[in-house]
Each structure stands twice: as C-alpha cells, then as structure tokens.
C-alpha cells in the first residue's frame, strides 16, 4: 500500500481529518506549502500527491519538492478534502490530468469538500462546480469562473467548495480550511501561533 494510506492508519487516533493536495510541475510554492504547513500544525493529516509518475515535482520557482505519494499508487477513499494549489503551468497540468478531474468530480458530487486557490478555481469552473456559487480566484482568472457569482473576498466558501485569490491570501485560505475541518477555535489557535492577526 502507498505510504499515504499507511499514514492514515498510523495517525488515525490523533489526526482529525484526511486531506490530499495535488502537485504538478509549475505549482505555486507558497500556495501549496502554506496549506501543508498550517494543516500539519493543526494536526490534520495532509498528504502531498504528485500527478506525475515520480514523487519529484518542480515548483513554479524552480524548487524540487518530493511529495508523499504518487497519484496512481494512492487510494483516496479516506479523503475528507481535496485541494488544488494555483500557479502556472501547474494549474493547467492539473486540469488536463483526467484521473484527477474524474476523482474531483466524483468526490464533489458525493458532497466532499474541495478547495482551490489562485488560478486553480478555473479547474472547478471547467468541471461545473461553480455554477451559481460564490467564488473567487486570481484577478486575471475571474473571467474563467463560468457561472459563478464572483467576489474579491480573500476566501469564498459556498457549500462544499472553497476558493481563494492567490499567494497573498494563502494563510487566509489555509486557516479557512482548518476551520472547516477542525473548528474555528483550532484555526484561531494556529493563527495566533504564527502571529497572524488579520
């Protein structure tokens, strides 16, 4: 079994939720890793997943990252939330990877929580997730949010869909996800621990 699946067994007594975040070459460093960092501080079990056939992924700024899992070797049946970071060309690669879009569609249709930041909400729009929902994204991608009621709020939460604007809202985005999974008190605790008082 993939080590992410093993991790779910090892930490199930302490971790409250299971989250998967998907990385492709060219993902935005801060948008992806802020989510991972703050969720782990909150004791939420988050697994980084490469959509490539290797665990090594290169960020949009040329940093090589080793993920926890490879998509094709991972069982997502224990997921409580699926997350997409933005960045280019990472967002495009995520949207073009059919196994991921199939997973997102099934998960969303079953009421699972999905979240995306920066350019990545456009993937949700292309899959029809944003019709009639309040959503946001990186400014130049707002026009790609087909059918959405767009907002310039740092984070938009509408039902089981969360979207956010970009690198500058990565902490807000992460804290919102923590609040949804572990409660507002935990999100506040993490905010205070990183000296974040917006």
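With the requirement that a residue be outside any loop (DSSP other than H, G, I, E, B), closer than 16 Å to residue 18 by Cα and in contact (Cβ under 8 Å) with a residue 40 or more places away in the chain, what does segment 101-117 give you?
Residues satisfying the conditions are 108, 113, 114, 115.
Could you identify the single residue in 32, 72 that is assigned to a helix (DSSP H, G or I) and buried (at least 21 other Cβ atoms within 10 Å of the Cβ)?
Working: 72 fails: buried (at least 21 other Cβ atoms within 10 Å of the Cβ).
Exactly one residue qualifies, and that residue is 32.
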Completion exercise
Scanning segment 75-100 for residues that are surrounded by fewer than 21 Cβ atoms within 10 Å (Cβ to Cβ) and assigned to a loop (DSSP other than H, G, I, E, B) gives 75, 76, 77, 78, 79, 80, 88, 89, 97
Problem - Residues of segment 115-140 satisfying the condition of being more than 12 Å from residue 161 (Cβ to Cβ) and either at pLDDT below 95 or surrounded by fewer than 20 Cβ atoms within 10 Å (Cβ to Cβ) (or both) - result: 126, 139, 140
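Given the criteria within 13 Å of the chain's Cα centre (by Cα) and touching a residue at least 40 places away in the same chain (Cβ under 8 Å), does residue 170 qualify?
Working: within 13 Å of the chain's Cα centre (by Cα): yes; touching a residue at least 40 places away in the same chain (Cβ under 8 Å): yes.
Criteria met by residue 170.
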Fill in the blank from the handout: Restricting attention to segment 59-69, the residues that are part of a loop (DSSP other than H, G, I, E, B) and either touching a helix residue (DSSP H, G or I) at 6+ places or on another chain (Cβ under 8 Å) or surrounded by 16 or more Cβ atoms within 10 Å (Cβ to Cβ) (or both) number exactly 5
Problem - So residue 110, is it within 27 Å of residue 179 (Cβ to Cβ), at pLDDT 95 or above and surrounded by fewer than 16 Cβ atoms within 10 Å (Cβ to Cβ) - result: yes
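The values are calculated or read from the model by the stated rules, or taken from the named source; none is laboratory data. Owing to the predicted nature of the structure, the values given are computational and were not obtained by experimental measurement. All Cβ positions, glycine included, derive from the backbone under ideal geometry; neighbour counts span all protein chains shown.
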